[in-house]
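A.B. asks: One structure, as structure tokens, below. Some questions next.
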């Protein structure tokens, strides 16, 4: 008997699922396991969970928890936690990241643990940060529910969360799907989010001036969570390149790559290591 | 005696196949099964550029595709890829895809300039099967062909262009 074979674990298969029309964009889910049926069950659970969270955070669905919030209300913990994070980062970035979008000021007041009061300001949106929060939550849910799934990748509209023991390859792309990625990195229990104006035009505004920003057409951030990567990539699209690199440097376990209007790339201190990791990633 | 030298594919060019799928009613939907493949004038397969199918299901339509069989590693790459499903970019418009042919054949060798047939084959779960085929002369002149839609595809464009 081949003694090596006796110690070999059966190799898991990466099952991938691709959907459109999720949070207004496309979604890809990858679950590595031994059983196609398990992967399908996990996919179904993930999609249901995404739909539930969308009903809380959506700015487009008039019946979502967010859109139904008027005045002072008790809010569910999923929404409360994202509101608290958004407010922390609004203050930390001095308004470069702000749910108000066209103004850097507070949009709500926290009265106690789960009670919030909407302030009399123009409507705000949690679109950027909520997408990352949903990606994190879904990846975490599947990780807890199915220990037999050894590797998880959840990607919704370019916000990507990787959970598992493996190093996973992720590409950073600027626009065309078919074009080669700008770079490829390796991620293990990390997340990445990319902001840019290539696809939807000049939609990112500096809340401090209300003007569209054009100086950094592409920002890609790696962080410990997709929610954090989302916030940082949005803030770094607004801040100058130097301010952005300083912000990332002061945020633990975060890295970034920025591309300026001339096409020049700027990388944080640890970004190159992420690129080196891609070589052994799967 | 005449010596005819055939010119190699100009590396400054690429063929971009862009298509938009028709969103079925009812919110989210699965990405369709798609094959984008190139044949030469004689109908011989030159390259399978892109192939999306669901691993673990016996997709019946796959047998109509020539040249789809690959080894395990390549199959992973074709199936949306560990790269394509792990791509981080600005939020993309749902249902619109662009696939690029770099002029290499399945063996990885650069082909000669000339006449090819570009195929876009699509099959949707709980939908229909459609094939769009177009002959194109791919040399050093940009060519753009807009194609009429069908029951699965809203619109498609085959564009031979300078690399972006």
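The values are calculated or read from the model by the stated rules, or taken from the named source; none is laboratory data. For clarity, every value in this text was computed on a predicted model and none was experimentally measured. Note that each Cβ is placed from the backbone with ideal geometry, even for glycine, and that neighbours are counted across all protein chains shown.
A quick yes/no check of all residues on (1) in a loop (DSSP other than H, G, I, E, B); (2) at the interface with another protein chain (Cβ under 7 Å from one of its Cβ atoms); (3) closer than 20 Å to residue B:94 by Cα:
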site: A:153; (1), (2), (3): no, yes, yes
site: A:161; (1), (2), (3): no, no, yes
site: A:171; (1), (2), (3): no, yes, yes
site: A:174; (1), (2), (3): yes, yes, yes
site: A:180; (1), (2), (3): yes, no, yes
site: A:185; (1), (2), (3): no, no, no
site: A:189; (1), (2), (3): yes, no, no
site: A:193; (1), (2), (3): no, yes, yes
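A.B. asks: Only one of (1) free of Cβ contacts under 8 Å to residues at least 24 places away in the same chain; (2) touching a strand residue (DSSP E or B) at 6+ places or on another chain (Cβ under 9 Å); (3) away from chain B (no Cβ under 11 Å); (4) closer than 30 Å to residue A:59 by Cβ is not met by residue A:132, so which one is it?
C.D. replies: (1)
A.B. asks: When the stretch B:117-131 is examined, which residues are found to be within 15 Å of the chain's Cα centre (by Cα) and farther than 12 Å from residue B:35 by Cα? Reasoning before the result, please.
C.D. replies: Here is the first cut: in the stretch B:117-131, the ones within 15 Å of the chain's Cα centre (by Cα) are B:117-123, B:130-131.
Result: B:117, single match.
A.B. asks: Which is assigned to a helix (DSSP H, G or I), free of Cβ contacts under 8 Å to residues at least 24 places away in the same chain and within 12 Å of chain B (Cβ to nearest Cβ), of A:20, A:54, A:48?
C.D. replies: On inspection, the qualifying residue turns out to be A:48.
Results for (1) over 30 Å from residue A:22 (Cβ atoms); (2) crowded, with 20+ Cβ neighbours inside 10 Å; (3) at pLDDT below 95, shown as yes or no for each residue.
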residue	(1), (2), (3)
A:102	no, no, yes
A:108	no, no, no
A:111	yes, no, no
A:120	yes, no, yes
A:125	no, no, yes
A:130	no, yes, no
A:138	no, yes, no
